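The values are calculated or read from the model by the stated rules, or taken from the named source; none is laboratory data. Note that the structure is a prediction, hence the values are computed from the model and not measured. Every residue, glycine as well, gets a Cβ built from its backbone with ideal geometry; the counts of neighbours run over all protein chains shown. Heads up: the accessible areas ignore ligands, DNA and RNA and are worked out on the full protein's heavy atoms, side chains in. Shrake-Rupley method; radii C 1.70, N 1.55, O 1.52, S 1.80 Å.
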Amino acid sequence: MGKDEARREWARHWRYPQLPGLDLLRAHYVRHTFPRHAHDGYVIAAVTGGIEEIGMPGGTLRAGPGSVVLINPEVPHTARAGEPGGWAYSTLYPTRELIIEVADEIGTLRGTPGFTAEMVLDAQGAQLITEVHRAAEAGNALAADTLLRAVVARMLSRHAAPLPVRTVTRAGGSDAERARAVLEERMAAPPSLEQLAAELGTSPFALLRAFRERYGMPPHTWLTDARVRRARRLLDAGGAPAEVAVAVGFTDQPHLNRHFTRIVGVPPGAYRRGRAG
C-alpha cells in the first residue's frame, strides 16, 4: 500500500434491510477524531488495521488488529488514531432489542445484558465481525444473519453480565436527570447553564458537577450529541437535512453537517444514502 493510499480516509455507515436492529460501519480513519459521545445501543467493533485509541470513562484503550471493542449503551467515549497511519475497523451497532433477543435465545443471562470487558483480544471473533460485513455487502442475508447471531452470542456468553439497575442516590443525580429532561424537551432552544440551574433550584457549578458525574460529559457536550442522535432518527424517517438541522437546534445545515460527521463518522448525505434500498 502506497503512502497516499495509506492516508486516505473512507467510511461507509449503512443499514442492511435484511438485518433489522443493526447499523454497520466499515471505515479507515487517519485524521478524523470522534468527540465524546454515546450510543443508544451497543458497539461491537473489530479493529482490522492500525491502532485505534478509545477514551473510556476509566482510561484510554489502544486497540490493534484482532481486538474487539465492546461498549454498552449510554457509555461516553472518544476515538482517534493511535498511530500516524490511522486505523481501520468493522463495527456493528446492534440495538438493545437485538442484544436482548439473542441473550434470551442463548438463555445464559437474566435482565438487560451489559459487556463486562471494554476490549478483548479475539482474532476469531474479530473475523466473524468482518464476515458479517462481507455477507451483508454481498447481499447474502442468510449468512449475514447467521454470522451476526454467532458473534453476538460469542460476546455475550464470554464477556457479559446483567447490567446493574442505576439508582439515583444523591440529590445532584436527580438534578442531572431533571436537567437532561429539560434539554431533551427544549433541544431547539435550550436555556443557559445559569437559567437551567435556577429552574432546578441549584447552582450552575453544582449542576455542572452533577451532570458530568451522571453522564460523563458537561451539558453542552451532551446536548450536541443528543441533537445528532435525534437528527439520525429524523433522517431515518425521511427528513431533509436542512429541516432536520433546524428541528434539533443547529443554526443551519453546515452546522449539522460538521457535528454529525464528527460524531457519526460520515456526513448526513452519506448517512441517508446508506439507509436507501
C-alpha long axis of helix 141-159 to longest principal axis of the chain, angle in °
60
Under Karplus coefficients 6.51, -1.76 and 1.60, residue-wise ³J(HN,Hα) of segment 74-82 in Hz, glycine/proline x
6, 8, x, 7, 10, 8, 7, 5, x
Given the alpha-carbon gyration tensor of segment 1-79, what are the semi-axes of its equivalent ellipsoid in whole angstrom, ordered largest first, with each equal to the square root of 5 times an eigenvalue?
21, 18, 11
Within the chain, helix-based [θ] at 222 nm, where runs of 4 or more DSSP H residues each add -39,500 (n - 2.57), nearest 500:
-14000 deg cm²/dmol
Using only the alpha-carbon atoms, how far is helix 219-236 inclined from the longest principal axis of the chain? Give it as 0 to 90 degrees, nearest 10.
50
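For the chain, what class follows from the C-alpha gyration tensor (a ≥ b ≥ c being the square roots of its eigenvalues): rounded when a/c is under 1.5, otherwise prolate if a/b is larger than b/c, else oblate? Let's see the in-between values first.
Details: a/c = 1.63, a/b = 1.34, b/c = 1.22.
Verdict is prolate for the chain.
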Run the accessible area of the chain with a 1.4 Å probe and give the carbon-and-sulfur part as a rounded percent.
52
Neighbours of Arg178 by Cβ distance under 12 Å: Lys/Arg at +1, Asp/Glu at -1, summed charge -3
Solvent-accessible ranking of Asp104, Asp145, Asp175, largest area first, probe 1.4 Å:
Asp104, Asp145, Asp175
Where only protein heavy atoms count, and the probe is 1.4 Å, what is the accessible area per residue for segment 22-118 in Å²?
37
Can you pull the accessible area of Asp252 for me, 1.4 Å probe, Å² to the nearest 10?
70
In what sequence, highest mean first, do 186-193, 256-263 appear when ranked by Cβ atoms within 10 angstrom?
256-263, 186-193
Using the heavy atoms of the protein chains and a 1.4 angstrom probe, tell me the accessible area per residue for segment 138-277 in square angstrom.
52
Counting only protein heavy atoms and leaving out ligands, DNA and RNA, the solvent-accessible surface of Arg149 at a 1.4 Å probe, in Å² to the nearest 10, equals 70
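Are there chymotrypsin sites (Phe, Trp or Tyr not before Pro) in segment 202-252 that DSSP puts in a loop and that have at most 16 other Cβ atoms within 10 Å, and which ones? Display every interim value, and only then the final one.
Numbers: sites: Phe205, Phe211, Tyr215, Trp222, Phe250; in loops: Phe250.
Here no chymotrypsin sites (Phe, Trp or Tyr not before Pro) fit, given the DSSP loop and packing criteria.
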